[in-house]
Amino acid sequence: MKENISKVVLAYSGGLDTSIIIPWLKETYNCEVIAMAADVGQQEELDGLEEKAIKSGASKLYIEDLRDEFVTDFVYPTMMAGAVYENKYLLGTSFARPLIARRQVEIARKENADAVSHGATGKGNDQVRFELTYKAFAPDLAIIAPWREWNIRSREDAIEYAASHKIPITQTRKKIYSRDRNLWHISHEGGELEDPWNEPREVMYTLTDSPEKAPDKAEYVEIGFEQGRPVSINGISLSPVEILFKLNGIASRNGVGRVTIVENRLVGMKSRGVYETPGGTILYEAHNALEELTLDRDTLHYKQQVALRYAELVYYGKWYSSLREALDAFVSSTQKNVTGTVRVKLYKGNCDTVGIKSPYSLYREDIATFSQDEVYNQADAEGFINLFGLPETVSSRFRKLGDK
């Protein structure tokens, strides 16, 4: 295969792995390397990236602004689905990879490249997310996954390789976290986090302030939704990207959005990591609250089941699968009346809905009230219970007191 590869497009972040992959590809395959970095909101991490890529040996660097598409077509659909992986992870890296990989394929076609490459390890989920996207759009392209080929076996080895090739990196043996950042979140893995008994150190956190040092006064924020999608903050209409920037700032200063998790990777092992998802935590809280007000019981409960499967598909890299697209159609149909305003209270790491209103509210105070009402006849409940409990009544002759 090596003789047939003359040009490779690498998904490039400028981090430790992709920095050393450029010279490794050139040495191993004797090929031209074109780097592609996706701007999905990692901000200052993009500073000086072109110079760094060229110095590492790339012939050129594409920096693709994918922020609008990232939020509109990936973040919002996942949030509207209510998808959360294993109760905690809001899927920030999971749904970024398919977008990045698709754009990488587009550039590979434009450049007439023979192969695409990524920096995901052979132990992780990202290799699957990248490569399933490659297969969905360009199964003819060769895939080069250096972590499955080279002799580098650890991040310490990678640091030594970078030093020997004079590749500038920010990682050191004392600062060895593996991170992935975008507009939605940042993840932290590696180092002392690999021992589940170790508490994450405060110095590690990047996007959120410490809850202990957050203001002593609660902050309130109002989020407006139209058909499930956020459209305004405190009454001011904003674009999807602006909404996330705004909410990230609000949540950050109040210490909101931190989770620590031991999760089950797709490849079969458990891993421990820390996620910071400040603005996203507010959006999930607010959107869930609005659905409680506007969705009927059966739809809400079934949607909660769909959310589990949706989260698995996204986590597993199956974004471009027929099933996820079908589930997306179901979710979209549930959102037609998810319109209204939610007031959220933030205080020292806590994020709670304290007010909801919607023109499509299914909540009837005149029915739900504990005060006297003229709408609901409480005596009707007896007939309902008799019918609802009929199976228990019929089977009662076979049950004795003390049975469990």
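At a 10 angstrom cut-off on C-beta neighbours, averaged per residue, how do the peptides 327-339, 306-318 rank from highest to lowest? Walk me through the numbers before you get to the answer.
Details: 327-339: 16.8, 306-318: 20.1.
In descending order of packing, they fall as 306-318, 327-339.
Full extension from residue 297 to residue 379: what is 0.36 nm times the residue separation minus their Cα-Cα distance, to one decimal in nm?
On the way: separation 82, 0.36 × 82 = 29.52 nm, distance 2.27 nm.
Contour length minus Cα-Cα distance gives 27.2 nm.
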Excluding residues on the same chain fewer than 8 positions from residue 166, give the aspartates and glutamates whose Cα lies under 17 Å from its Cα. 17, 27, 50, 51, 156, 157
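What is region 159-299's relative contact order, in percent, from Cα pairs under 8 angstrom and six or more apart in sequence? Please report the intermediate quantities before stating the final value.
On the way: 194 pairs, mean separation 34.1, N = 141.
24 percent.
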Jot down the radius of gyration and Dmax of region 136-249, Cα atoms only, both in angstrom. 20.7, 58
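Charges at C-beta only: +1 for Lys and Arg, -1 for Asp and Glu. How large is the resulting dipole of the chain about its Cα centre, in Debye rounded to 20?
The calculation lands at about 900 debye.
Return the ratio Rg/(2.2 N^0.38 Å) for region 209-348, where Rg is computed over Cα atoms only. Provide the component values of the computation, followed by the final result.
Details: Rg = 16.7 Å, N = 140, 2.2 N^0.38 = 14.4 Å.
Output field value: 1.16.
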Show log10 I(q)/I(0) for region 333-404 at q = 0.23 Å⁻¹, two decimals, from a solvent-free Debye sum over equal Cα scatterers. -1.07
With unit charges on the beta carbons (Lys and Arg positive, Asp and Glu negative) and the dipole taken about the Cα centre of the chain, which residue among 327, 248, 177 sits farthest to the positive side? 177
Reachable lysines from residue 88, Cα under 19 Å, same-chain residues fewer than 8 places away excluded? 270, 303, 348
Calculate how many DSSP beta bridges within region 85-232 are antiparallel, expressed in % of all such bridges and rounded to the nearest 5. 75
With θ taken as phi - 60° and the coefficients 6.51, -1.76 and 1.60, list the Karplus ³J(HN,Hα) couplings across region 135-140 in order, rounded to whole Hz; mark glycine and proline as x. 5, 6, 10, 8, x, 7
Points 7 angstrom from Cα along the Cβ direction at residue 393 and residue 46: gap in nanometres? 6.8
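Would you mind working out the accessible area per residue for the chain, using a 1.4 Å probe, and quoting it in Å²? All intermediate terms of the calculation are to be shown ahead of the outcome.
Details: 20660 Å² over 404 residues.
About 51 Å² of surface per residue is accessible.
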Please enumerate, by chain and number, the lysines with C-alpha under 22 Å from the C-alpha of residue 135, excluding those fewer than 8 residues away in the same chain. 2, 7, 110, 123, 318
Show me 155-164, 278-287 ranked by packing, highest mean number of other Cβ atoms within 10 Å first. 278-287, 155-164
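DSSP beta bridges in the chain, what fraction antiparallel, as a percent rounded to 5?
Details: 36 of 53 bridges.
That works out to approximately 70 percent antiparallel.
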Computed label-point distance, nm, for sites residue 123 and residue 308 using a 7 Å Cα→Cβ extension: 2.9
Of the candidates 269, 281, 301, the farthest towards the positive dipole end of region 205-303 (Lys/Arg Cβ +1, Asp/Glu Cβ -1, centred on the Cα centre) is 269
Could you tell me which label, among [x] 1.16; [y] 1.05; [z] 1.00, carries the value of Cα Rg over 2.2 N^0.38 Å calculated for this structure? [x]
Just the number, please: carbon plus sulfur as a percent of the accessible area of region 195-323, 1.4 Å probe, no ligands or DNA/RNA counted. 49
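Treat every Asp and Glu Cβ in region 45-192 as -1 and every Lys and Arg Cβ as +1, leave all other atoms uncharged, and give the resulting dipole magnitude about the Cα centre to the nearest 20 debye.
Numbers: 22 positive and 23 negative charges, 72 e Å.
Once rounded to the nearest 20, the dipole reads 340 debye.
Share of region 60-153's accessible area from carbon and sulfur, percent, 1.4 Å?
Here carbon and sulfur together make up 44 percent of the probe-accessible area.
The values are calculated or read from the model by the stated rules, or taken from the named source; none is laboratory data. All values reported here derive from a predicted model rather than from experimental measurement. Reconstructed Cβ throughout: ideal geometry from the backbone, glycine too, with neighbour counts over all protein chains shown. Ligands, DNA and RNA are excluded from the accessible area calculation, which covers all protein heavy atoms including side chains. Shrake-Rupley method; radii C 1.70, N 1.55, O 1.52, S 1.80 Å.
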